[in-house]
There are 2 protein chains.
Amino acid sequence: MELIFSERMKNMNGTATREIFKLLSNPEIISFAGGNPAIECLPTERVKLIANDICASPDFPRVLQYGLTAGFPEFRQELCKYVETAGIYGAEMQNVLVISGGQQGIDLALKAFINPGDVILVEDPTYLAFLQLANSYEGVCKGVKANDDGLDLNDLEEKIKKYNAKMLYCVPTFSNPTGKTYSVENRKAIAELTAKYGVIVIEDDPYSKLRFKGEYVPAMKSFDKTGNVIFISSFSKIISPGNRTGVAVGAPEIIRKMEIGKQGTDLHTPNFSQMITYEYLKRGYLAPDLEKSVKIYGDKKAAMSKAIAKYMPEEFECTDPDGGLFIWGRFPEKIDVVKVFPEAIARKVAYIQGCVFFADGSGNNYIRLNYSYANTDMIEEGIKRLGDLFKEKLAE
Amino acid sequence: MELIFSERMKNMNGTATREIFKLLSNPEIISFAGGNPAIECLPTERVKLIANDICASPDFPRVLQYGLTAGFPEFRQELCKYVETAGIYGAEMQNVLVISGGQQGIDLALKAFINPGDVILVEDPTYLAFLQLANSYEGVCKGVKANDDGLDLNDLEEKIKKYNAKMLYCVPTFSNPTGKTYSVENRKAIAELTAKYGVIVIEDDPYSKLRFKGEYVPAMKSFDKTGNVIFISSFSKIISPGNRTGVAVGAPEIIRKMEIGKQGTDLHTPNFSQMITYEYLKRGYLAPDLEKSVKIYGDKKAAMSKAIAKYMPEEFECTDPDGGLFIWGRFPEKIDVVKVFPEAIARKVAYIQGCVFFADGSGNNYIRLNYSYANTDMIEEGIKRLGDLFKEKLAE
């Protein structure tokens with residue numbers, strides 16, 4: 001039978017990272033391609049303890065039964081406190097929705113707002129899975145210029161007006177893929193500008209807790225006076241990606257619409273997952289664990305920066321992030337990293353091609369390098385392999 | 001700020017059952033409204049044992065890390081065996097997708113196939129959340145007549161042609177809301193007819209394992225020769241709804257498209273949830289546990305049928321299901337069960353209004369009664385309250 005898929009899905013293929021994830025089941029390949037947290041930073045013993053306690057609780061049958069779509073009330077209460085660490089004060093139950101990972105929050109926000117043809121502004125470059133997701137709602141992504149301070153405000157305003165933009169998506173802290181952080185002033189200005197034009201903002205925040213240097217910056221949501229910003233935070237990078245939990249914070253009407261969208265998608269986040277994250281937060285495990293984790297991430301990032309300086313061709317320019325998981329680098333334009341990729345795999349090292357992060361598919365001379373997953377020895381060896389390879393390519 | 005929601009969501013409100021679920025946090029209300037499995041049938045001790053074993057496994061860090069979108073390979077292998085119990089033989093890894101509950105499977109199938117305006121045929125009445133979900137993809141549901149044997153084949157063929165129908169959705173075993181089961185001949189005929197016209201079928205199967213009388217009937221999918229049937233099975237009613245696991249079985253191209261859709265929705269089903277269901281199946285807990293559960297469900301159903309005969313007005317007609325969770329009943333047309341509902345709540349008893357199950361919103365004289373959640377004493381008391389109430393209404 002000939003299968004006729006929907007318009008939204010007919011041209012959808014798997015995201016590059018997910019496909020590479022499959023490839024990386026080969027343990028010989030040193031991968032800078034994924035976005036996995038360091039395995040040694042996952043709180044294995046804490047989660048075991050919590051899981052055993054959940055099982056021993058008289059409340060355990062409740063964990064097996066259906067739950068509310070918005071999440072366990074006590075978990076949502078805890079989340080209201082949790083988001084204060086991002087500078088968001090005064091959130092109440094009606095402002096928070098438990099989500100099955102940050103990805104689901106983005107999906108539900110798009111579902112609630114985007115009609116086919118609506119323009120969504122994104123920082124250029126941006127999170128590749130967002131581009132795919134926007135595609136699945138037939139939204140049209142347009143890139144906004146960025147500078148060291150954050151988004152270029154003139155370009156943002158111009159494009160809001162030019163495209164009558166419906167939405168802005170950004171990762172203001174340790175952006176994926178660049179690792180950059182928007183300044184406080186830039187955040188304030190974006191919040192004001194989008195409010196002025198009635199643009200919905202998805203502020204995606206999976207990485208802000210992974211700061212190993214520089215100063216804390218409050219969430220853009222903390223400068224939101226009209227309720228146009230949806231803040232999406234994930235526990236994947238700081239507790240466990242396999243547990244699939246996160247939180248969306250927004251105006252009650254928006255959260256309610258996203259909750260209705262979630263009813264259709266998965267009814268509710270699995271109770272065991274919710275309870276694990278809830279107990280982890282409530283018991284105060286996060287702060288001490290983060291202190292250890294950011295030390296490890298800082299060391300790994302330093303190892304990668306050092307290896308880049310030592311092995312990569314001098315024409316290679318890259319970012320120097322204060323946190324998060326990624327370094328973003330640029331080769332001279334003659335290099336096409338998509339073409340080089342199979343050779344990198346043959347040398348047992350992987351990166352992500354920059355073009356997947358650009359709204360217009362440009363950027364074939366950029367790569368994103370993840371430093372969280374490999375250990376420091378592997379980081380040095382992997383960067384050496386890449387350096388040798390790209391030096392050869394530049395000499396061709 | 002004025003919020004302009006998407007076309008797909010602007011008229012979406014919560015499903016009736018989910019909203020009533022909130023109401024039922026009041027423990028004084030005897031609820032026949034939900035679709036919760038009996039709390040005493042949830043395998044609490046088994047799941048505790050499994051969870052503790054997962055935590056103690058040297059493989060545990062893998063549970064915390066990201067997983068593949070399609071699910072753990074060993075779980076998918078186990079699922080290929082599992083669906084043989086529904087008469088589906090020869091499934092391989094590429095035919096199965098782990099889903100976060102049956103609801104997600106339906107959502108992903110709609111996402112893969114339905115464009116705004118596409119017609120989806122449904123049995124009239126059908127699962128209310130399906131009608132909502134179809135709405136969220138701007139699909140148009142049209143009811144197909146049913147008889148004691150299953151779907152009316154003439155009406156089905158006529159409507160496939162009349163509407164150039166893209167899809168058929170049905171719950172062939174212990175249908176929600178009617179509790180009815182399609183005959184083997186009817187299943188075969190539906191599989192052939194839909195294949196002939198290239199109609200995609202979603203065969204939703206949450207209940208077939210809960211058979212307390214009558215003979216086993218293989219899934220419609222087992223008669224699928226062209227790959228047009230997507231079989232969706234859930235573990236919510238037989239292991240745990242709070243664990244949110246299920247499986248979709250279909251042609252590799254369809255499963256692949258649904259997998260890509262799932263990447264956007266939640267990346268993957270939480271690993272702990274997957275491992276719990278996997279171990280439960282692998283250890284062979286299901287068959288002996290089901291033997292006990294169906295006895296309990298059979299007793300509860302018998303208690304409800306008996307109470308109906310004793311207390312409900314003689315004008316009330318209802319089904320006599322061989323399994324599943326629901327009895328479906330009809331009052332004379334002068335009764336409007338939507339109007340009566342607040343009075344039922346005042347008397348501390350709840351049902352679901354029939355109209356939410358009809359594609360055209362008719363059916364205000366029907367009610368769905370769930371017998372799985374309440375105990376047999378509460379069933380008698382609740383039906384007595386309903387009987388008294390509706391007798392009064394009929395006498396008005």
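No value in this document is a laboratory result; all are computed from the given coordinates. Bear in mind the structure is a predicted one, so any value in this text is a computation, not a measurement. Reconstructed Cβ throughout: ideal geometry from the backbone, glycine too, with neighbour counts over all protein chains shown.
Here are the numbers:
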quantity	calculated
Inter-copy separations for A:R283, label at 7 Å along Cα-Cβ, nm, ascending	2.2
Copy-to-copy label separations for A:K213, where each label sits 7 Å from Cα toward Cβ, in nm and ascending	7.6
Net dipole in debye of the range A:45-282 [+1 Lys, Arg Cβ; -1 Asp, Glu Cβ; about Cα centre; nearest 20]	140 debye
Exercise: per-residue mean of other protein chain Cβ atoms within 10 Å, B:62-74	5
Label geometry 7 Å along the beta-carbon vector: B:D299 inter-copy distances in nm	6.0
Chymotrypsin sites (Phe, Trp or Tyr not before Pro) lying in DSSP loop within the range B:117-217, provided at most 13 other Cβ fall within 10 Å	B:Y216
For chain B: relative contact order, % (alpha-carbon pairs under 8 angstrom, 6 or more apart)	24 percent
Cut-off 9 Å between beta-carbons: net charge of the residues surrounding A:Y197, Lys and Arg +1, Asp and Glu -1	+1
Relative contact order computed over the range A:300-396 (Cα-Cα under 8 Å; 6+ residues apart), in percent	39 percent
Top positive-direction residue, dipole computed over the range B:44-282 with Cβ charges, set B:M93, B:L121, B:P177	B:M93
